[in-house]
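**Q** A single structure is presented below for examination.
Every read-out reported here was derived from the displayed coordinates using simple, explicitly stated rules and does not represent laboratory data. This structure is a prediction, so every number in the text was calculated from the model and none was measured. Reconstructed Cβ throughout: ideal geometry from the backbone, glycine too, with neighbour counts over all protein chains shown.
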Amino acid sequence: MKYRRILLKLSGEALMGDKSYGIDPVRLQQYSDEIKTIKEMGVEIAIVIGGGNIFRGVQAEKSGIDRVQGDYMGMLATLINAMALQSALEQNGMYTRLMSGIKIESVCEPFIRRRAIRHLEKGRIVIFGAGIGNPYFTTDSTASLRAIEVEAEVVLKGTRVDGVYTADPEKDANATKYDNISFFEVYEKNLNVMDMTAFTLCQENNLPIIVFDMNKVGNLSRIIKGEEIGTLISSN
Ligand code: UDP
């Protein structure tokens, strides 16, 4: 096993599956199965899930909703996904805790770093909902920050594409994939991995990121076993 403690970032959009909005139960079950496989390998798992399938702050501005208000709406959207994921994981026999960046105590615990680490040590899967609890941030920043805080060894960014490309592979047929790339090169070439806040946090704290296709069955466990899947972004 290459990694002992990981932070898995799942986008809200990925949860939609083939739908145009909301949560696809088939996709949710698939993710739950993938996570169970690595749980059984003994990995300590923290998860951050996005909210893009339900609501995004930037979207709010277009409909005349104040940006900050919209960001809080986005945070609540991530919490809805986090609750769905928690439920799916528990039905699949895993122990979980949901910790929120904003206080919503009837639903879940607030984020307390030492408690989160304790949950992980006890083998519970910890899901961080509601982002970091501040507007103008994203769930990618949440993933970087929480990973550093709970001392995860890597951020596994599960997406729909299988890694970082020289250009957008959905638009440019000549785009090629990187297996390894340094933080510096990503920055220099202006490649789209995460938003800058999230990316810089990883770079400054020497926290590697692996971008991979979460929809390909078995990818997650292969990464844990040390296979080179997706693109590894690190200091080297
Ligand atoms: N958000 C925020 N602060 C945070 C995390 C999220 O304000 O710490 C809001 C922001 O409006 C964002 C939305 O929640 O657009 C949903 O998260 P994100 O867009 O990162 O989800 P994803 O793209 O991963 O589905």
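**Q** Choose one answer from Asn174, Asn206, Asn192: the residue with the largest mean-square fluctuation in a GNM of the chain with alpha-carbon springs under 10 Å.
**A** Judging by the Gaussian network model, the answer is Asn174.
**Q** Subtracting the Cα-Cα distance from 0.36 nm times the residue separation, let me have the gained length for Glu228 to Arg4 in nm, one decimal.
**A** Going from the current span to full extension adds 79.0 nm.
**Q** May I ask you to evaluate 6.51 cos²θ - 1.76 cosθ + 1.60, the Karplus curve with θ = phi - 60°, for each residue of region 204-210 and list the ³J(HN,Hα) values in order in whole Hz, giving x for glycine and proline?
**A** Karplus values, whole Hz, x for Gly and Pro: 5, 9, 6, 9, x, 10, 10.
**Q** List the pairs from Lys157/Lys225; Lys19/Lys177; Lys39/Lys122 whose alpha-carbon separation is above 22 Å, in the order I gave them.
**A** Pairs exceeding the cut-off: Lys19/Lys177.
**Q** On to the next question. Please check: in the Gaussian network model of the chain (C-alpha springs, under 10 Å), which one of Thr78, Thr159, Thr197 has the largest mean-square fluctuation.
**A** Highest fluctuation of the listed residues: Thr197.
**Q** Tell me, Val155, Val217 in order of fewest to most beta-carbon neighbours within 10 Å?
**A** Fewest to most other Cβ atoms nearby, the residues stand as Val217, Val155.
**Q** When the dipole is taken about the Cα centre of region 5-234, and only Lys, Arg (+1) and Asp, Glu (-1) are charged at their Cβ, what size is it in debye, to the nearest 20?
**A** Numbers: 26 positive and 30 negative charges, 135 e Å.
So the dipole magnitude of region 5-234 works out to roughly 640 debye.
**Q** Here is a further query. List the relative contact order of region 5-234 as a percent without decimals, with contacts defined as Cα pairs under 8 Å and 6+ residues apart.
**A** Values: 450 pairs, mean separation 48.4, N = 230.
Normalised by residue count, the contact order of region 5-234 is 21 percent.
**Q** Just from its helices, what would the mean residue ellipticity at 222 nm be for the chain, if runs of 4 or more DSSP H residues each count -39500 (n - 2.57) and the sum is divided by every residue, rounded to the nearest 500 deg cm²/dmol? Can you show the working numbers first?
**A** On the way: 8 runs with 88 residues, N = 236.
Using -39500 (n - 2.57) per qualifying helix, the result is -11500 deg cm²/dmol.
**Q** Loop-only check: which trypsin sites (Lys or Arg not before Pro) in region 1-110 are DSSP coil with at most 16 other Cβ within 10 angstrom? Write down the numbers at each step before the final one.
**A** Details: sites: Lys2, Arg4, Arg5, Lys9, Lys19, Arg27, Lys36, Lys39, Arg56, Lys62, Arg67, Arg97, Lys103; in loops: Lys2, Arg4, Lys19, Arg56, Lys103.
When the trypsin sites (Lys or Arg not before Pro) of region 1-110 are filtered for loop state and at most 16 Cβ neighbours within 10 Å, Lys2, Arg4, Lys19, Lys103 remain.
**Q** To continue, here is another question. Just to be sure I understand the model, the point goes 7 Å from the Cα along the line to the Cβ. What's the resulting Asp179 to Arg160 distance in nm?
**A** Distance between label points: 2.8 nm.
**Q** Okay, moving on. Which residue, chosen from Asn180, Ile38, Ala143, occupies the Cα position most advanced towards the positive end of the dipole of the chain, where the dipole is computed from +1 (Lys, Arg) and -1 (Asp, Glu) charges on Cβ about the Cα centre?
**A** Highest projection toward the positive end goes to Ile38.
**Q** Counting only GluC sites (Glu not before Pro) that sit in a DSSP loop (anything but H, G, I, E, B) with at most 10 other Cβ atoms within 10 Å, what is the longest stretch of the chain containing none of them?
**A** Values: sites that count: Glu105, Glu170.
Longest stretch, sites excluded: 1-104.
**Q** Multiply the residue separation of Lys216 and Ile112 by 0.36 nm, subtract the distance between their alpha-carbon atoms, and state the gained length in nm to one decimal.
**A** On the way: separation 104, 0.36 × 104 = 37.44 nm, distance 3.32 nm.
Contour length minus Cα-Cα distance gives 34.1 nm.
**Q** Going by the alpha-carbon gyration tensor, a ≥ b ≥ c the square roots of its eigenvalues, is the chain rounded (a/c under 1.5) or, if a/c is not under 1.5, prolate (a/b greater than b/c) versus oblate?
**A** Verdict is rounded for the chain.
**Q** Near the amide H of Glu44, under 5 Å away, which other amide H atoms are found, from residues 5 or more places off or on another chain, if H is placed in the peptide plane?
**A** Arg5, Ile6
**Q** Have a look at Arg114, Arg222, Arg124 and tell me which one the Gaussian network model of the chain (Cα, springs below 10 Å) gives the largest fluctuation.
**A** Arg114
**Q** OK, next. Could you derive backbone 3J(HN,Hα) for region 150-164 from the dihedral phi with the Karplus parameters 6.51, -1.76 and 1.60 (θ = phi - 60°), listing whole Hz in sequence and x where the residue is Gly or Pro?
**A** Result, ordered by residue: 8, 6, 6, 7, 7, 9, 9, 9, x, 10, 8, 9, 8, x, 9 Hz.
**Q** Could you compute the FRET efficiency for Asp33 and Asp66, with r as their C-beta to C-beta distance and R0 at 25 Å, rounded to 0.05? Write out the running numbers ahead of the final one.
**A** Values: r = 40 Å, r/R0 = 1.60.
The pair Asp33/Asp66 has a calculated efficiency of 0.05.
**Q** I've got another one for you. Under 5 Å between amide hydrogens, which residues at least 5 positions from Ile125 or on another chain qualify, with H placed 1.01 Å from N in the peptide plane?
**A** Sorted by chain and number, the residues that satisfy this are Tyr95, Thr96, Arg97.
**Q** Shifting gears a bit: Within the chain, what percent of beta bridges assigned by DSSP are antiparallel, to the nearest 5?
**A** On the way: 4 of 33 bridges.
So the antiparallel bridges in the chain amount to around 10 percent.
**Q** If R0 is 22 Å, what FRET efficiency do you get for Glu170 and Ala84 from their C-beta distance, rounded to 0.05? Let's see the in-between values first.
**A** On the way: r = 27 Å, r/R0 = 1.22.
Efficiency at R0 = 22 Å is approximately 0.25.
**Q** Using θ = phi - 60° and the Karplus curve 6.51 cos²θ - 1.76 cosθ + 1.60, what whole-Hz ³J(HN,Hα) does each residue of region 33-38 get, with Gly and Pro shown as x?
**A** These are the phi-based 3J(HN,Hα) values: 5, 4, 5, 4, 4, 6 Hz.
**Q** Which of rounded, prolate or oblate describes region 45-140 when judged by the alpha-carbon gyration tensor and an a/c cut-off of 1.5?
**A** Because a/c hits 1.5 or more and a/b exceeds b/c, region 45-140 counts as prolate.
**Q** Can you give the relative contact order of region 189-236 as a percent, counting alpha carbon pairs under 8 Å and 6+ residues apart? Please report the intermediate quantities before stating the final value.
**A** Values: 34 pairs, mean separation 18.3, N = 48.
It rounds to 38 percent for region 189-236.
**Q** Once label points are set 7 Å from the Cα along Cα→Cβ at both Thr200 and Asn134, what is their separation, rounded to one decimal in nm?
**A** 1.2 nm
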